[in-house]
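Right, one structure below, let's go through it.
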Amino acid sequence: MSAATEPPRARARNRRGEGGRLRAEILAAAAELLDAGGDPRSVTLRAVARRAGITASSIYPHFDGRPALMLQVLRQAFAELSALIRSALDTAGDDPQDRLNTVCLAYLDFARDHPERYRVMFGGTGAPLATAGDPGPLGEEAMRILAGCLADCRAAGHCTSTDPAADAVALWLGLHGLAHQRAVAPSFPWPADIGRRVAFPLSHLT
């Protein structure tokens, strides 16, 4: 049974003033549909409404339409990526190289655990990396964390980078390429330390 035709969930009516709860449930339903199918076109207002156990018209007080809903789903996904990276960094200790490696592994873990959502976040249909009115490209915070870790390695004498911001972009490209290839070729015998092998040279670590 497809996500669009599955029976709607039974849902208790929100009490007055609980509109924020319904908005969160709509976002969760849209993200679940995206994770289940990997095709943004399957995330229709009708399908989201059925999954959340509401009518499609109930979505409009919270989102103007499907484009606004999809954009918020992507914003939330990038926020989850940044939160995962920050959480990993908080437990990484003080060694700059270990902290950088931890950030890289956390990024790859997110891509592994949410392959369909990750694909849409980075180049899938309906997934703009920058939108008019946004303070910056989606994913900017994660990139800033990566650049900060590289700068810390340089300050500690562990890195020969002369431009941590630019090298953070190169490092992200390497991680993104690895994440993509692991998703499309899961049976390939990837080395256990492939993340470090990709990140180390791109980070100019010594």
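None of the figures in this text is laboratory data; all of them are computed from the coordinates on show. Note that the structure is predicted; figures quoted are calculated from it, not measured. Using ideal geometry, Cβ is built from the backbone for each residue, glycine included, and neighbour counts are taken over all protein chains shown.
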For the pair Asp94/Gln181, report the inter-label distance in nm, with labels modelled 7 Å from Cα in the Cβ direction.
3.7 nm
Dipole moment magnitude, nearest 20 debye, the range 71-202 about Cα centre, only Lys, Arg, Asp, Glu C-beta charged:
340 debye
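Please sort 86-92, 112-118 by packing, taking for each peptide the average over its residues of neighbouring beta carbons within 10 angstrom, highest first.
Ranked from most to least packed, the peptides come out as 112-118, 86-92.
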Sorted peptide list for 145-151, 52-58, 186-192, 23-29, criterion being average Cβ within 10 angstrom, highest first
145-151, 23-29, 52-58, 186-192
